[in-house]
Amino acid sequence: MTKITTKILNFTDLNKGEENKKTVIQNITSAVSFRGSNLWILVCAIIIASVGLNVNSTAVIIGAMLISPLMGPIVGAGFGLGMYDFELLKKSIKNLIIATVVSLTTSTIYFYISPFKEAQSELLARTSPNIYDILIAFFGGLVGVIAVTRVEKGNPIPGVAIATALMPPLCTAGYGLALGNMKYFIGAMYLYTINCVFICIATFVIVNYLKYPITKQLNPKHQKRVKYFISILILFLIVPSVFYAYQLFIQKNYTLKTQTFIQKEFLDNDYPIIYKNIEYNTNPKKIELAFLTKKFNDTEITDLNKKLASYDLKDTRLVIKQDTFNLAKDIMAKINDSRDLVDQKDVLINNLRNQLSQYQFKNIQISNEAKIIFPFVTSLTIGNYSTENKENKTKIIPIILFQSKDDVKPETKKKLESWLKVRLQKDSIEVYRQTAK
């Protein structure tokens, strides 16, 4: 057993392949400062990351993380803390504050002047950190500091830059400042703080494990104070993140239940859904659905709302949006209503037929144009439904159903919607996607 244990220890020994400690400390110290080229690289990286968040491009965001020099002062702070080198610690924290202020200023200016203010999914993902972000930051930090202490640096460094994701939270915080949204700002800065602190703590752990020389000897009492401070800081950051993780679990569980309800009650009964919206943060919670052809009467809607309890969807209300989607049926209804008008019957039928043929011709024309301009569209159907406002005035709103084989990005769908508004000469339309078979 002793030989096996020795082999395992030799196999996992971090001291093998370790760079000279003085060389590592020199490299870390030199990477801490934000002056000259480092500062310009940081500004450029922040702008690139802001653009990536603005246009919802994951590839651009990853590129910004790869060129970011933010890891330098964070790892430096971990080394300063691990070696009790308080001069290095102060210098690292000072430069990290400078880098943070510069980054926030740059991203705030960018989002303030940017014409696109809509919060995309990549940006929203950085506003609600949880316990998983702590795990990513800590283990990403471990990989990073292990890599910088090796003679052969290897490939982990770029991966650490991507995994720990320091740039996107800063840019998201700048977005929150530019729009005056303090919820986004606080959430993003909390995520940024989590990343910084746990990368620093991971560095502290490895520095102690590899027994880097202590710069300033402290008595056991002061060493305990440092460890107490680290423990309190960890607890202070973990508690809110656990709460966020629990909230995320509850929301995901609720979404799963709603999907089960929709699948069993509607999709399994061959009722095509053209609109779905789940509002989790309202009281009561709300499930909004609209169907292509199926119409529900009041009794059916009441029964469906009662069934929500059997799916454990408490405090939830089902809202089914009914519409007059099929224009041809509306026209034929008008024809049937006009049968008593013998003298005007033929004229009315001809007029309606002309309207219907013109409408169908226009629909085919717009559908063909859409397929050319937007190649992902495989088919496109246009109908109308009517609504009444407070003054009892009827308003006709076009509703467009398009099919595509692959998922469509929100910005691409928005371009299609903008083009249809111009083409149909309407201020208000509704566009829904149906997966092509």
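Legend: distances between Cα atoms for K94/K224; K306/K395; K307/K405; K314/K405; pairs beyond 26 Å are K306/K395; K307/K405; K314/K405.
Looking at the square roots a ≥ b ≥ c of the eigenvalues of the Cα gyration tensor of segment 80-139, which shape do they give, rounded for a/c under 1.5, prolate if a/b is larger than b/c, or oblate? List each step's numbers first, then the result.
Numbers: a/c = 5.85, a/b = 1.54, b/c = 3.81.
In terms of gyration-tensor shape, oblate.
Summarising the label geometry, the points placed 7 Å from Cα in the beta-carbon direction at D315 and I396 lie 4.4 nm from one another. The calculated FRET efficiency for L135 paired with I67, based on their beta-carbon distance and R0 = 30 Å, is about 0.75.
Rounded to the nearest 10 square angstrom, K307 shows an accessible area of 90 square angstrom against a 1.4 Å probe. Ordered by solvent-accessible area of protein heavy atoms (1.4 Å probe), largest first, the residues F116, F296, F376, F261 come out as F116, F376, F296, F261. Can you tell me what percent of all Cα-Cα pairs in segment 170-310 are more than 18 Å apart? When all Cα pairs of segment 170-310 are counted, 73 percent exceed 18 Å.
Label-to-label distance, I186 versus N368, with points set 7 angstrom from Cα along the beta-carbon direction: 5.7 nm.
Length gained on full extension, L267 to L210, computed as 0.36 nm times the residue gap minus the Cα-Cα distance: 14.6 nm.
Estimated at the nearest 10 Å², the accessible area of D406 is 120 Å² with a 1.4 Å probe. Annotation note: GluC sites (Glu not before Pro) in segment 54-146 located in DSSP loop regions with a Cβ neighbour count of at most 10 within 10 Å are E118.
Share of carbon and sulfur in the accessible area of segment 22-123 stands at 71%, probe radius 1.4 Å. For the pair I109 and I234, the difference between a 0.36 nm per residue extended length and the Cα-Cα distance amounts to 41.7 nm. Ligands, DNA and RNA aside, M182 has an accessible area near 90 Å² when probed at 1.4 Å. Computed from the C-beta positions of K294 and E417, the FRET efficiency with R₀ = 25 Å rounds to 0.50. Under the shape rule built on the C-alpha gyration tensor, where the axes satisfy a ≥ b ≥ c, segment 13-142 is prolate, since a/c reaches at least 1.5 and a/b is greater than b/c.
Annotation: for a label point projected 7 angstrom from Cα along Cα→Cβ of T378, residues of segment 402-437 with backbone N closer than 15 Å are 402-408, 433-437. Students often get this wrong, so check it: of K183/K426; K257/K415; K90/K183; K252/K371; K257/K413; K183/K286, which have C-alpha atoms separated by over 26 Å? The pairs that break the limit, which is 26 Å between Cα atoms, are K183/K426; K257/K415; K90/K183; K252/K371; K257/K413. Rolling a 1.4 Å probe over the protein heavy atoms gives segment 15-147 an accessible area of 45 Å² per residue. Per-residue extension of 0.36 nm, minus the Cα-Cα distance of V43 and K221, leaves a gain of 59.9 nm for this segment. I need the shape label for segment 191-259. Rule: rounded when a/c is under 1.5, else prolate if a/b > b/c, else oblate, with a, b, c from the alpha carbon gyration tensor. It is prolate, given that a/c is not under 1.5 and a/b is the larger ratio.
The values are calculated or read from the model by the stated rules, or taken from the named source; none is laboratory data. Remember, it's a predicted structure, so these values are computed and weren't measured experimentally. We place every Cβ from the backbone using ideal geometry, glycine too, and count neighbours over all the protein chains shown. Just so you know, the surface numbers come from the protein's heavy atoms only, side chains and all, with ligands and any DNA or RNA stripped out. Shrake-Rupley method; radii C 1.70, N 1.55, O 1.52, S 1.80 Å.
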